[in-house]
Amino acid sequence: MKHLLTKIVFVVVSTIFLISCNAIKRVPEEEYLLTKNEIFVDSTKTNETRLYNQLYQKPNAKLAWTPFRLHIYNLAKVNPDSSYQNWLHNKPNREKRLNNFLSKKQVTRLGVAYTGINNWLKKAGEAPSIVDESKAKRSVKRLQSYYWNNGWFNVKTDYKINFNEEQRASVSYYIQPHKPYFIDSLNAKIESKAVDSIYKLHKSESSIIAGKQYRTLDIESERERLTRLYRNSGLYNFEKEYIKFDADTVNTDQKIQLNLLIKDRQITEGEEKKRVPFKVHKISKVNVFTDYSYQNKDQTPKDSASYNGYNIYSYDKLRYTRKAIANSILITPGEIFRDKDRTLTYNQINNLKTFKYPNIRYSIDPDNPEGTDLIASVLLTPRKKYSTNVEFDVSTSNIQVFGIGFSGSFLIRNVFGGAEIFEISGRGSIGSSKDPVDPNGQFFDISEIGIDLKLSFPKIIFPFQTRKIIPKYMSPTTNLIFGINTQQNIGLDKQNASGIFNYQWKPSTKLTNQIDLVNVQYVRNLNTGNYFNVYSNSFSRLNNIATEVLSSNSPFFDPDNTTENILSIPTGANSFIAQSLGDTPDSDLTSDQLQEISNINERKERLTEDNLIFASSYTYLKNNRENLYDENFSRFRVKIEFAGNVLNTVSNLVGLKENSRERFEVFGVEFSQYAKTELDYIKHWDLGGKSVLAFRAFGGIALPYGNANSIPFARSFFGGGPNDNRAWLPYDLGPGSSGGRNEFNEANMKIAVNAEYRYNILGSLNGAFFIDAGNIWNVLDSVEEEDAVFSRLDDIQEIAVGSGLGLRYDFDFFVVRLDLGFKTFNPARIEDQRWFKGYNFSEGVYNVGINYPF
């Protein structure tokens, strides 16, 4: 093993050495390849990223200490067309032979392909970073500006280029900051009374603080703050350019006396320019045009209506209710002008999904002699009333080796005239299972079909007025959702019906609240006799016990199988369980075997019983991600859910009788009762250079009580898979240290932590290193197996750890992901065999996914 490791290290080092010798292949003569930048502050070398980010020229990016992309670039030919022609005509008969073998047209295409490969190498690679003295000078000035903007007004900077004989060079930058300057005082000189009074009311919110070191960003931040303040306080004509700052630093002992200057507004009357005080404007009228287009902009509206001061117009028949339109407009007649009202109106109308992006204009009201009243015109262009969407996909999973899926939707806008949206969507799939019950059956032995109906209202539908609690700027929405689907030959062949009545609202762009007032789900198992065919691990354990204690002629064994004793499914297996757990169990059964049979039966009963879930929940989501490309953000979600409380209360009030298991039934089904909570936190750090550190933490627990002693499979937690612990397949991890011996292992408690370092390899190809940790356990439910239960704090040591590496290819609109996970710490093994025993390629788990896991 030592010799093998030595050989690997020797090959890697030799390869790096040989490649590095070729790094200057594309560096012109008398030019130098930039290998390193160094920055010295007061003669001390610094590694501060913020300083190196100021430099205009950087060395070629390195992967494993090697400029990998530079070598990719060097593989390309300088003149690929000439190179191909030279190769083609290098031998007298080469072109003729190729023409005869391929064709003249194909030989020409071969040259085009050769050129294309070279172009790809140049694009995927990175051109050599040639030392440019002009960029070094610009970098020095930029470093000087950086320090000056942070209060070091006496900073001095310099640079030196260090050449060597191998056409390589480094650049050293030298900085002497000297003493920084601090803010001593801030004096405001504001000409307009309205501007001055507003400033004094909000002076305490200033980002300029006496005694703080000077920063240009603080000055700019104050300008932004004041501009927002004034434009949201009625000053329609105010712009940031009116705000000026000047600083006095002469003989002040490193202290700055700042002056804030805001002059009156400059206007032009005829050929004369003069200044007039700013005035507070208010909205006198709001005119809304519901079917505006460029073609009818000069026409007179044919229909109109008024509601709470809003004038609503239509060039055709008005097709929207007055209240729905008024609730979409956050600009209010009689209120002062506020820029944020326009932004909120944009957001609210976009959330309706009924109109295209609106156009909002302000104009001076001609009926107001003082010129302080504004007319707001909101120009709305409707989207098409009907729209359709069709999708098709091919997939694979832990259930099927191959599947074909399709889905489609039909959307109707403005159903009742109040900007409601009604959507009908259907989905279906067929597939081939990995372990078909009938091996001689047809290839496509799995099918699923479903339909969903969703009706959305742009308001809170409630018996009492909610506008004071949830104002219209929060984009309140009420959703009614109904769905039904059926599966065949997938497990126990399920039918699933669901209904949801929920509210959503957004207090800000970062916060989202959702209340599922009613969330009903009914799950019916159609083929419970197929249980032991689907859950073969449970059957294997049960059959092993049966063969140890039953005679070979037992009626529980399959009479058609003459080669070995196997329990018949379902009769023999169910009968053996009933006898073993009954009053007269086989005397040869040990206590451990009885416990094992009890565990198998408990899981069987839970997974074959029909479920009725009548739940309510609240979800809080805070996401400060600015856009899709923002990689420096955090996301926090908490969900609290209660199920069965209403049904349990009603059952007690109406005096329903309990069944033999002391449970209430509704429509012949024992309803679930539990409390569940989930916490999910995601954090991304942008490290620069297309490198990102991503972190996620998840915790969840669901506790049964009252009418239930377990959690329905549909609301349980599972571990493993491409978006969880990638060293285990989905449903293979846990519970606890039990080793995942069941198919579809699940439990009612979960802890998960993930960390991933993402970096760019070349072009759109990215790499990642990751560590995943977590597990699932059973807590305070019907499961009694010690290895699967979290019964004491020491069980936290059963957290499984996986680690590995991955590749991602970014197609801009989605990312294809391949991850390889290794079992770093496997709690299912004996204690001295848990660490790194699964760290080899034969036991690695390959995960394919779309987009990032978190």
### Message
Between ILE640 and LEU621, what is the label-point separation in nm under the 7 Å Cα-to-beta-carbon projection?
### Response
2.0 nm
### Query
Could you work out the helix-only [θ] at 222 nm for the chain, with each DSSP H run of four or more residues adding -39,500 (n - 2.57) and the total divided by the number of residues, to the nearest 500 deg cm²/dmol?
-7000 deg cm²/dmol
### Task
Sort the following peptides by mean Cβ neighbour count (other Cβ atoms within 10 Å, averaged over residues), highest first: 834-847, 468-481, 816-829, 725-738.
725-738, 816-829, 468-481, 834-847
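How would you rank GLU239, GLU222, GLU269, going from fewest to most other Cβ atoms within 10 Å of each one's own Cβ?
Least crowded to most crowded, the residues run GLU269, GLU239, GLU222.
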### Message
What percentages make up the Cα-Cα pair-distance distribution of region 529-608 when the bins are 5 Å wide from 0?
### Response
3, 16, 31, 27, 17, 6, 1
### Neighbour-count ranking [beta-carbon atoms within 10 angstrom, fewest first] of PHE163, PHE457, PHE813
PHE813, PHE163, PHE457
#### Entry: Cross-link partners of LYS690 among lysines (Cα-Cα below 21 Å; sequence separation of 8 or more within a chain)
LYS36, LYS58, LYS62, LYS122, LYS123
### Task
Report, in degrees rounded to the nearest 10, the 0 to 90 angle that the Cα long axis of helix 571-580 makes with the longest principal axis of the chain.
80 degrees
### Query
Suppose R0 equals 30 Å; then what is the FRET efficiency for SER508 and LYS189 from their Cβ-Cβ distance, rounded to the nearest 0.05?
0.30
## Note on the structure
For the table LYS353/LYS459; LYS340/LYS639; LYS285/LYS506; LYS179/LYS212; LYS340/LYS472, the rows whose alpha-carbon distance is greater than 22 Å are LYS340/LYS639; LYS285/LYS506
## Note on the structure
Per-residue Cβ contact counts at 10 Å, fewest first, order HIS178, HIS684 as HIS178, HIS684
### Message
Angle check, please: helix 104-124 long axis (alpha carbons) against the longest principal axis of the chain (alpha carbons), in degrees 0 to 90, nearest 10.
### Response
70 degrees
### Message
Could you tell me the relative contact order of region 489-555? Use alpha-carbon pairs under 8 Å, at least six residues apart, and round to a whole percent.
### Response
33 percent
### Query
Using 7 Å Cα-to-Cβ label points, what is the GLN266/PHE841 separation (nm, one decimal)?
7.2 nm
### Query
Among [x] 50, 35, 24; [y] 45, 38, 26; [z] 58, 46, 30, which one is semi-axes √(5λ) of the Cα gyration tensor in Å computed from these coordinates?
[z]
### Task
Report the normalised scattering of region 242-387 as log10 I(q)/I(0) at q = 0.18, 0.20, 0.21 Å⁻¹, calculated by the Debye formula with identical scatterers on the alpha carbons.
-1.06, -1.22, -1.29
### Task
Quick one: go through region 114-134 and flag any residue whose amide nitrogen is under 17 Å from the point 7 Å out along the Cα-to-Cβ line of LEU98.
114-119
### Task
Mind giving me the FRET efficiency for ASN79 and PHE769? R0 is 41 Å, r the Cβ-Cβ distance, nearest 0.05 is fine.
0.55
### Summary
If the chain between ASP246 and GLU370 were fully extended at 0.36 nm per residue, the gain over the current Cα-Cα distance would be 41.2 nm
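How much length, in nm to one decimal, is gained on full extension between THR486 and LEU581, taken as 0.36 nm per residue of separation minus their Cα-Cα distance?
Additional length available on full extension: 30.8 nm.
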### Query
Once you list every other residue whose beta carbon is under 14 Å from the beta carbon of LEU765, what net charge do they have if Lys and Arg are +1 and Asp and Glu are -1?
+3
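For every other residue with a beta carbon closer than 11 angstrom to the beta carbon of GLY721, add +1 if it is Lys or Arg and -1 if Asp or Glu, then tell me the sum.
That sum, taken over residues with Cβ under 11 Å, equals -3.
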### Positive minus negative residues near SER192 (Lys, Arg vs Asp, Glu; Cβ under 10 Å)
+2
### Summary
per DSSP, antiparallel bridges as share of beta bridges in region 284-428, % nearest 5, sits at 75 percent
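Values quoted throughout were computed directly from the atomic coordinates according to the rules given, and no laboratory measurement underlies them. This is a predicted model, so every value here is computed, not measured. Using ideal geometry, Cβ is built from the backbone for each residue, glycine included, and neighbour counts are taken over all protein chains shown.
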